[in-house]
Amino acid sequence: MDQTVFERNRPAEAMVTEALRGARSAVFWLDGLTRPKHPSLVGQHRADLVVVGGGYTGLWTALRAKERDPGRRVILLEAHDVGWAASGRNGGFCEASITHGEENGRRRWPQEYDTLARLGEQNLSELEATVCRYSMAAEFERTGELSVAIEPHQGE
């Protein structure tokens, strides 16, 4: 399998150009979002924990650190807007798989896969509980998954 289905059946360039006419490079679920402004961190500060990066991982780390020890001084540093990079451009989905799919997980970590799958489910459940506990305006929905086969071997 040297080429993907998209490479084997490449549409005409003019068709792609026409289909994208008027499109802009933006993340639509961030459009119109009013983000709170946070002041830049200046001067000297003391912290028990400094988290660098305000994506899913950084925010989750800072939140869990405060839950485990509310007196802990936690500083979260983000050079841009919180959630602007990969966490804001992921298609709006969040799933239980921490192995990028069952097939990949079983191939790479056959002995550990069942544990990894269980931990992924636990992680997603805890994320959902946290969204509820803090009444986050995240529009979290546990709707399941849809897998689309684009290659013959994926339908087997």
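The values are calculated or read from the model by the stated rules, or taken from the named source; none is laboratory data. In this text the structure is predicted, and so the values were computed from the model without any measurement. We place every Cβ from the backbone using ideal geometry, glycine too, and count neighbours over all the protein chains shown. What goes into the accessible areas is simple: the full protein's heavy atoms, side chains included, and nothing from ligands, DNA or RNA. Shrake-Rupley method; radii C 1.70, N 1.55, O 1.52, S 1.80 Å.
In region 18-44, the residues that are open to solvent by less than 100 Å² (accessible area, probe 1.4 Å) form Cβ pairs under 7 Å with partners that are part of a loop (DSSP other than H, G, I, E, B) and not hydroxyl-bearing (Ser, Thr, Tyr), at six or more places apart or across chains, as follows: 27/89; 29/92; 35/81.
Yes or no, residue by residue, for (1) of a type outside the set (Asp, Glu); (2) in contact with a strand residue (DSSP E or B) (Cβ under 8 Å, 6 or more places away or on another chain); (3) under 25 Å from residue 82 (Cα atoms); (4) in a loop (DSSP other than H, G, I, E, B):
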position	(1), (2), (3), (4)
7	no, no, no, no
14	yes, no, no, no
17	yes, no, no, no
21	yes, no, no, yes
32	yes, no, yes, yes
37	yes, no, yes, yes
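Here 81, 69 are screened, and the one residue that is surrounded by 15 or more Cβ atoms within 10 Å (Cβ to Cβ), of a type outside the set (Val, Ile, Thr) and out of contact with any strand residue (DSSP E or B) (no Cβ under 8 Å at 6 or more places or on another chain) is 81.
Determine, yes or no, whether residue 87 is closer than 23 Å to residue 116 by Cβ, open to solvent by less than 60 Å² (accessible area, probe 1.4 Å) and touching a Phe, Trp or Tyr at 6+ places or on another chain (Cβ under 6 Å). So that I can check it myself, show each step before the final result.
On the way: closer than 23 Å to residue 116 by Cβ: yes; open to solvent by less than 60 Å² (accessible area, probe 1.4 Å): yes; touching a Phe, Trp or Tyr at 6+ places or on another chain (Cβ under 6 Å): yes.
So residue 87 fits the description; yes.
The set of residues from region 108-143 being more than 24 Å from residue 83 (Cβ to Cβ) and outside any helix (DSSP H, G or I) comprises 109, 110, 111, 112.
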